[in-house]
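The values are calculated or read from the model by the stated rules, or taken from the named source; none is laboratory data. This structure is a prediction, so every number in the text was calculated from the model and none was measured. Please note: Cβ atoms are built from the backbone with ideal geometry, for glycine as well, and neighbour counts cover all protein chains shown.
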Amino acid sequence: MTGMKITFLGTGTSVGVPVIGCDCKVCTSSDPRDQRKRSSIHIAASDGTQWLVDCGPDLREQCLRAKLRKLDAVLVSHAHSDHIMGFDDLRPFSWHRSEGLPIHALPETLDALKSAFHFAFDDENRSPGYFHPHPHPIVDSFFLGETRVTSLPVIHGNVVTTGFLFETAEGKRIAYMSDVKTIPDTTRKLMQNLDVLVIDALRFTPHPTHMCVDEAIAFSTDLNCPPTWLTHFTHYIHTSTLERELPDHITMAHDTMKIVV
């Protein structure tokens with residue numbers, strides 16, 4: 001494969017779409033693009049390295065649907081439940097790795113994972129069939145295969161949250177941030193000259209901890225309009241309605257969508 005392939009495993013918000021007990025236009029839509037599992041992506045680099053960003057409660061079904069058989073690492077953006085509650089479903093990816101499956105996250109996020117899934121990090125009492133994570137605190141840029149990964153700190157409520165910048169062996173620059181309200185200037189400087197931007201666009205109306213559609217469009221425009229995919233939608237976003245209103249350089253992501261950079 002030439003380039004980096006990104007698969008959207010999920011493009012929904014914390015409760016997914018359809019929402020339990022809801023009969024709205026989107027939750028009852030027959031358009032498969034309106035069916036949204038919790039937000040996560042799978043990346044396959046041209047050197048064969050593969051990893052996930054986030055592991056929410058739909059992870060098992062997402063991996064089966066995408067026919068994933070191998071992972072070299074998992075990146076965790078923050079410790080909200082819709083991004084970590086599939087953590088134990090990563091266990092099959094660690095069974096044949098003597099040092100466990102690398103988990104890359106900010107130190108505060110790793111602390112939260114160790115608290116929520118203490119049994120997985122207990123080296124003395126772990127059964128051979130249990131998940132074996134190998135924690136890697138993010139303190140600087142690092143490499144997954146030939147891809148350079150840089151943390152993109154952002155503001156999202158009151159938790160420590162990061163997006164990720166991927167710089168490929170071919171020289172492409174891809175930024176992914178599914179949960180963000182405000183992007184500090186120091187992070188903006190890291191996001192210049194992007195080839196692809198994937199960003200939170202929760203709903204049409206403003207939200208206190210997430211970008212709305214207009215804010216995501218404005219940020220993409222401020223970055224000189226790199227090709228942009230919107231993600232992390234609520235059931236207030238109807239695909240066929242929003243896609244008609246977007247600028248030419250911006251696309252709605254949907255579950256199972258694949259892009260190659």
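Some notes on this structure:
- Residues satisfying the stated conditions in the range 213-236, i.e. surrounded by fewer than 20 Cβ atoms within 10 Å (Cβ to Cβ) and either of a type in the set (A, V, I, L, M, F, W, C) or farther than 25 Å from residue 24 by Cα (or both): 218, 221, 222, 223, 224, 225, 226, 227
- Among the residues making up the range 72-88, a single one is surrounded by fewer than 20 Cβ atoms within 10 Å (Cβ to Cβ) and closer than 14 Å to residue 42 by Cβ: 72.
- Any hit, the range 57-71, residues being of a type in the set (A, V, I, L, M, F, W, C), closer than 24 Å to residue 2 by Cα and part of a strand (DSSP E or B): no
- Among the residues examined, residue 255 does not qualify as touching a Phe, Trp or Tyr at 6+ places or on another chain (Cβ under 8 Å), at pLDDT 95 or above and assigned to a helix (DSSP H, G or I).
- Pairs, first in a strand (DSSP E or B) in the range 142-160, second surrounded by fewer than 16 Cβ atoms within 10 Å (Cβ to Cβ) and hydroxyl-bearing (Ser, Thr, Tyr), C-beta under 9 Å, six or more apart: 148/141; 149/141; 150/141; 151/141; 153/186; 154/182; 155/182; 156/182
Each row is one residue, and each column tells you yes or no for (1) modelled with pLDDT of 95 or more; (2) among the charged types (D, E, K, R); (3) crowded, with 22+ Cβ neighbours inside 10 Å.
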{"residue": "49", "(1), (2), (3)": "yes, no, no"}
{"residue": "56", "(1), (2), (3)": "yes, no, yes"}
{"residue": "95", "(1), (2), (3)": "no, no, no"}
{"residue": "102", "(1), (2), (3)": "yes, no, no"}
{"residue": "111", "(1), (2), (3)": "yes, yes, no"}
{"residue": "124", "(1), (2), (3)": "no, yes, no"}
{"residue": "131", "(1), (2), (3)": "no, no, yes"}
{"residue": "135", "(1), (2), (3)": "yes, no, no"}
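- Filter result (touching a residue at least 24 places away in the same chain (Cβ under 8 Å), hydrophobic (A, V, I, L, M, F, W, C) and either part of a helix (DSSP H, G or I) or within 20 Å of residue 149 (Cβ to Cβ) (or both)) within the range 98-119: 101, 103, 105, 106, 110, 112, 113, 116
- Restricting 28, 2, 7 to those that are touching a Pro at 6+ places or on another chain (Cβ under 8 Å) and either touching a residue at least 24 places away in the same chain (Cβ under 8 Å) or outside any strand (DSSP E or B) (or both) reduces the list to 28.
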